[in-house]
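Enquirer: The following block contains the structure, expressed as structure tokens.
Just so it is clear, none of the values below were taken in a lab; they were calculated from the coordinates. None of the values given here were measured: they were computed from a predicted structure. Glycine gets a Cβ as well: all are built from the backbone with ideal geometry, and neighbour counts include every protein chain shown.
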Amino acid sequence: MNADPSGASAALHDLVVANRILAREGVLDGFGHVSVRHPHEPQRYFMSRSRSPELVTHEDLVEFTLENEALDANGRAVYAERYIHGCIYRSRPDVHAICHNHSHAVIPYTVTREPLRPIMHMASVIGNEVPVWDIRDEFGDTDLLVTSDAKGRSLAACLETNRAALMRGHGCVVVGANLREAVFVAIYLQLDAELLFRARVVGGAHVEFLTPGEVHLASRTLLQPLSQDRAWEYWSARAGFGPR
């Protein structure tokens, strides 16, 4: 794609950084992907070509319609699960960034009856409880990949107005009002999954979850620009990007 096809250079830079951050923090491995809605054309979004997130550069970025058609792939392979992104953007005008990942810490909560709920204030951003989407409910036995508009719409319906949804035997999807928020939620969703597992080892059935009021108040603080910018600067530095 051109260096700056439509005045979206800041969003494109941050998309590269987001890929590197999520890989550095272990949320994304060789698979998974993150996207950002076009800042000036809400019916489009940007995402990398099919490539491991830790290797993504500006030259890998591709522009898509919300029907998940690539506008400038130029023969490059694109992610098969791009339907996750376009379908959620279509159903959620408030969402401007999306991450799909296969966090190992999260997977157990997709296949058990243990709900993933916040136990620490930093994880309040995941919401009171994270819904679980089971692809079998509508599509029977599949390869578990979201490779069609129908599957993408089904996942978006499960997500509803939440910031995250788990995907049975697969991973999760996380959304945000911007890239910094989506990255923040994805990282603390994974951390909360790890900490809840440890809490169950220590305390068994007795775990004190955050109350709905605590979730509301703590997340309101953490989603302010001051908190978001501080975390983004820290994670960016860890991923090899200095202050901008």
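Enquirer: Between helix 179-203 and the chain, what is the angle of the helix's C-alpha long axis to the longest principal axis, kept within 0 to 90° and rounded to the nearest 10?
Expert: 30 degrees
Enquirer: On full extension of the chain, what length is gained from GLU54 through ALA77, given 0.36 nm per residue of separation minus the C-alpha to C-alpha distance?
Expert: That pair, GLU54 and ALA77, stretches by 6.6 nm at full extension.
Enquirer: To continue, here is another question. Can you check what the net charge comes to around VAL175, using other residues whose Cβ is under 9 Å from the Cβ of VAL175 (Lys, Arg +1; Asp, Glu -1)?
Expert: Net charge around VAL175: 0.
Enquirer: Near the amide H of TRP133, under 5 Å away, which other amide H atoms are found, from residues 5 or more places off or on another chain, if H is placed in the peptide plane?
Expert: LEU166, MET167, ARG168
Enquirer: Quick one: grab the alpha carbon gyration tensor of segment 154-199, order the square roots of its eigenvalues as a ≥ b ≥ c, and give me rounded if a/c is under 1.5, else prolate or oblate depending on whether a/b is larger than b/c.
Expert: Oblate.
Enquirer: Please turn the phi angles of segment 55-67 into ³J(HN,Hα) values with the Karplus equation 6.51 cos²θ - 1.76 cosθ + 1.60 (θ = phi - 60°), one per residue in order, whole Hz, x for glycine and proline.
Expert: Calculated HN-Hα couplings, in order: 9, 5, 10, 4, 5, 8, 6, 10, 9, 10, 7, 6, 8 Hz.
Enquirer: Relative contact order, percent, of the chain when contacts are C-alpha pairs under 8 Å separated by at least 6 residues?
Expert: 21 percent
Enquirer: Treating the angle as unsigned and between 0 and 90°, give the value, to the nearest 10°, between the Cα long axis of helix 9-24 and the longest Cα principal axis of the chain.
Expert: With rounding to tens, the tilt is 40 degrees.
Enquirer: Amide H neighbours of ARG44 under 5 Å, counting only residues 5+ apart in sequence or on other chains, H built in-plane at 1.01 Å?
Expert: Sorted by chain and number, the residues that satisfy this are HIS38.
Enquirer: Using each residue's phi in segment 173-178, evaluate 6.51 cos²θ - 1.76 cosθ + 1.60 at θ = phi - 60° and report the 3J(HN,Hα) Karplus result to the nearest Hz, with x for Gly and Pro.
Expert: Calculated HN-Hα couplings, in order: 10, 10, 10, x, 6, 7 Hz.
Enquirer: Take peptides 27-35, 110-118 and line them up by average Cβ neighbours within 10 Å, highest first, as a rough protection proxy.
Expert: By packing density, highest mean first, the sequence is 27-35, 110-118.
Enquirer: If amide hydrogens are placed 1.01 Å from N in the peptide plane, which non-local residues have theirs closer than 5 Å to the one on SER103?
Expert: CYS172
Enquirer: May I pose another question? Quick one: if the Förster radius is 25 Å, what FRET efficiency do SER148 and HIS102 give, using the C-beta to C-beta distance and rounding to 0.05?
Expert: Computed FRET efficiency for SER148 and HIS102: 0.80.
Enquirer: Is the shape of segment 116-244 rounded, prolate or oblate, going by the alpha carbon gyration tensor and its root eigenvalues a ≥ b ≥ c, with a/c under 1.5 for rounded and a/b larger than b/c for prolate?
Expert: oblate
Enquirer: Please state the shape class of segment 79-159: rounded when a/c is under 1.5, otherwise prolate if a/b exceeds b/c and oblate if not, all from the C-alpha gyration tensor.
Expert: Taking the square roots of the gyration eigenvalues as a ≥ b ≥ c, segment 79-159 is oblate.
Enquirer: Another question about this same structure. Using Cα atoms only, what is the angle between the long axis of helix 225-238 and the major principal axis of the chain, expressed in degrees (0 to 90) to the nearest 10?
Expert: With rounding to tens, the tilt is 70 degrees.
Enquirer: Give a residue-ordered list of calculated ³J(HN,Hα) values for segment 131-147 (Karplus: 6.51 cos²θ - 1.76 cosθ + 1.60, θ = phi - 60°; whole Hz; x for Gly, Pro).
Expert: With coefficients 6.51, -1.76 and 1.60, one gets x, 10, 9, 10, 4, 5, 4, 10, 10, x, 6, 9, 8, 6, 8, 8, 10 Hz.
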